[in-house]
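The values are calculated or read from the model by the stated rules, or taken from the named source; none is laboratory data. No experiment lies behind these values; they were computed from the predicted model shown. Ideal geometry is used to build each Cβ from the backbone, glycine not excepted, and the neighbour counts take in all protein chains shown. For the accessible areas, the whole protein counts, side chains as well, though only heavy atoms, and no ligand, DNA or RNA atoms are used. Shrake-Rupley method; radii C 1.70, N 1.55, O 1.52, S 1.80 Å.
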Amino acid sequence: MLLLLAKMGYTVEECSIAMERCGPEASVVELTDFICAAQLSREADVYLPDDDLKPRYNGVCKIKKRKFFEICKKKNDPETETIRLPNPMIGFGVPSLQLESISRSLPDSAIGPPFFYYENVALAPKGVWDTISRFLNDIEPEFVDSKYFCATARKRGYVHNLPVQNRFPLVPLPPLTVQQAFPLSRKWWPQWDPREKLNCIQTAIGSAKLTERIRNALERFDGDPPTSVQKSVLDECRKWNLVWVGRNKVAPLEPDEMEMLLGFPKNHTRGGGISRTDRYKSLGNSFQVDTVAYHLSVLKDMFPDGINLLSLFSGIGGAEVALHRLGIKLKNVVSVEKSKVNRDIVRSWWEQTNQAGNLIDFDDVQALDGERLEEVISYVGGFDLIVGGSPCNNLAGSNRVSRDGLEGKESSLFYDYFRILDLVKSIMHRPA
DNA sequence: CTTAGGATGACGTAGAGC
DNA sequence: GCTCTACGTCATCCTAAG
């Protein structure tokens, strides 16, 4: 906790006083709220002595730090202000269900340049999306389930300042049902398995032993098994996202099948010394390209000459692939991604697709401070779009061990997305 | 023999939707 | 009230390569 607060730019002294006064159970919002309240009552240059400031706030720290306090100070009202998920989860519309007369008004502070696009899991613990929204200019998140774009579910929230009118989907439209996506499975798909969509693609897959147990259970019957067996098999199939590949045979998705479902080119994550496990991990953590591309499609007419992209937590480059498939030229792409495996994947895709622009790698978002950003921005000449989906490990429902919310070890990197977005804005808006 | 990395299964719960 | 889902983690075992 102390580390997290320090990362936000608080001094050790501030933190220890706050932790003492708020008690051991206090959340990060309560703590920052306390520090904020105490400090806002003083003069800015008193409570922000320069040598206390963390390096990442260099350049714009005084303003930024105060702004951070102010955002933290705004409290959630859990009764009335909790963000609710839409049902159906189609955000501001999907290709098959275009909503009439969509409009939304963004707060002045949210209007670009640059455009930004933030993504994370929709079913995060309560209050997480309220906090995220609060930090990102109070923009209402757009919750979309990718099952409206492809044959697999993926419930995600997107906070962005893009227009929502005149969007268009990638063509060709991907198959919308499992049966269309996997024609060969039709022959083996039993009548009693009603699934038309797969569940969310995750980082772990069902084991070979499990599929063997399922086959053994089914082979004891000639025709359809009794309903009790049907139910238990279906439960496992849903839990592990298994598909039918032979008589009584189920199997987890292959990596290339996941690539297809998620909208990536086949073999996108293959080769170059990347293990199967790593492929599953990277794919499970990725964007669904068609969904993201639909949202980003409005940029095409705005930037006929191409865009400069800052891609945080790039992963296997979902945003880059989406923009490329939309036919939006990539001039300069600054990509920040911790995993070398993923950086290699993006680099290799970049070379294979003969990109004319520059791809610049960074490995650590936390090391991207004001100074570095100024260098990069003066080199590329400003960013048109900032994309990022910060780590979800501590938000995701499947995590039994450390579902700690936004304050979790990895998921707290969201605050770096906010920090960098804010830094870029102030550098770009500063008079030359 | 040692080591690295894949494979396996156990692990619990919040919160949405009905 | 009930059912269902979820960008996951860990210790341990197994296997192949060195």
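Results, tabulated for the structure shown:
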| item | result |
| --- | --- |
| Inter-part distance where the range A:203-269 and the range A:342-376 are each reduced to a Cα centre, Å | 37 Å |
| Ranking by accessible area, most exposed first, for A:GLU140, A:GLU259, A:GLU374 with a 1.4 Å probe | A:GLU140, A:GLU374, A:GLU259 |
| Alpha-carbon centroids, the range A:394-415 and the range A:117-161: separation in whole Å | 15 Å |
| Share of carbon and sulfur in the accessible heavy-atom surface of the range A:178-262 [1.4 Å probe, %] | 49 percent |
| Prolate/oblate/rounded call for the range A:194-238, Cα gyration tensor, a/c under 1.5 rounded | oblate |
| Where the range A:178-262 is the region considered: accessible area per residue in Å², 1.4 Å probe | 57 Å² |
| Fraction of accessible area attributable to carbon and sulfur, the range A:281-331 (%, probe 1.4 Å) | 46 percent |
| Sequence-distant residues sharing a close amide H with A:PHE313 (under 5 Å, placed H) | A:VAL336 |
| Highest-first arrangement of A:312-319, A:143-150, A:397-404, A:127-134, where packing means the average Cβ count within 10 Å | A:312-319, A:143-150, A:127-134, A:397-404 |
| Tail weight of P(r) past 22 Å, computed on alpha-carbon pairs of the range A:178-262, percent | 19 percent |
| Computed label-point distance, nm, for sites A:THR177 and A:THR353 using a 7 Å Cα→Cβ extension | 3.1 nm |
| Candidate residues A:HIS429, A:HIS295: accessible-area rank, largest first, probe 1.4 Å | A:HIS429, A:HIS295 |
| For the range A:347-429: accessible area per residue (Å², 1.4 Å) | 43 Å² |
| Three-way shape label, the range A:346-432, alpha-carbon gyration tensor, a/c 1.5 | oblate |
| Heavy-atom accessible area order for A:GLU14, A:GLU320, largest first, 1.4 Å probe | A:GLU14, A:GLU320 |
| The range A:153-258, relative contact order [Cα under 8 Å, separation at least 6], % | 30 percent |
